[in-house]
Amino acid sequence: MLDEVEDSWYKEMFYFMCLTGVRVGELGGLKWSDIDFEKKVICINRSLSCSYCNGVKREILVSPKTVNSIRQVPFLGEMDEILESQREKQVKLKKELGARWRSGDEFDDLVFTTSMGSPCSRYIVQKEIKRRSSE
């Protein structure tokens, strides 16, 4: 599967998921401030919740479902390189898009976003997996 995402905007996201085992909602709620590059740990303390109400998509950051879900995940493998690559890619795109970058307010500091800056919900992840597996 990782070979299939080599040329994808979501490459780092899939590598991150494989190395950490985080849930998709936790991935969507991860902020840069949750990553401690000195201690080499990732703090999981929120999740992205996505629901539809009367046909309107609603995304919010929430506390994880259980107390045990709040945890620290150590860096494994090439985690430093994956995160640095994601940060560089995101910073470059934010500059290029300017006001069109969609991430704002509570979503301003998200690590994994779409190429337009929206949060990466489970729908985004599922769509990308389906697209890559059918090629």
* Structure fact -> Within region 40-55, restricting to residues that are among the aliphatic types (A, V, I, L, M) and without any contact (Cβ under 8 Å) to a residue 60 or more places away in the chain, the one that is surrounded by the most Cβ atoms within 10 Å (Cβ to Cβ) is I42
* Structure fact -> Those residues of region 47-79 which are in contact with a Phe, Trp or Tyr (Cβ under 9 Å, 6 or more places away or on another chain), within 18 Å of G21 (Cβ to Cβ) and not in a loop (DSSP other than H, G, I, E, B) amount to L48, M79
* Asked: When R122 is evaluated against the numbered criteria (1) open to solvent by less than 70 Å² (accessible area, probe 1.4 Å); (2) in contact with a Cys (Cβ under 7 Å, 6 or more places away or on another chain), which criterion, by number, is the only one it fails?
  -> (1)
* Asked: Which of the residues belonging to region 93-117 are out of contact with any Ser or Thr (no Cβ under 7 Å at 6 or more places or on another chain), part of a loop (DSSP other than H, G, I, E, B), modelled with pLDDT of 90 or more and under 17 Å from S47 (Cα atoms)?
  -> V111, F112, T114
* Residue that is surrounded by the fewest Cβ atoms within 10 Å (Cβ to Cβ), among those in region 3-39 that are over 16 Å from S85 (Cα atoms) and of a type in the set (K, R) -> K39
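The values are calculated or read from the model by the stated rules, or taken from the named source; none is laboratory data. Not measured: the values here are computed from a predicted model. Counting neighbours? That spans all protein chains shown, and the Cβs are built from the backbone with ideal geometry, glycine included. To get the accessible areas, we keep the full protein, side chains included, count just its heavy atoms, and leave off ligands, DNA and RNA. Shrake-Rupley method; radii C 1.70, N 1.55, O 1.52, S 1.80 Å.
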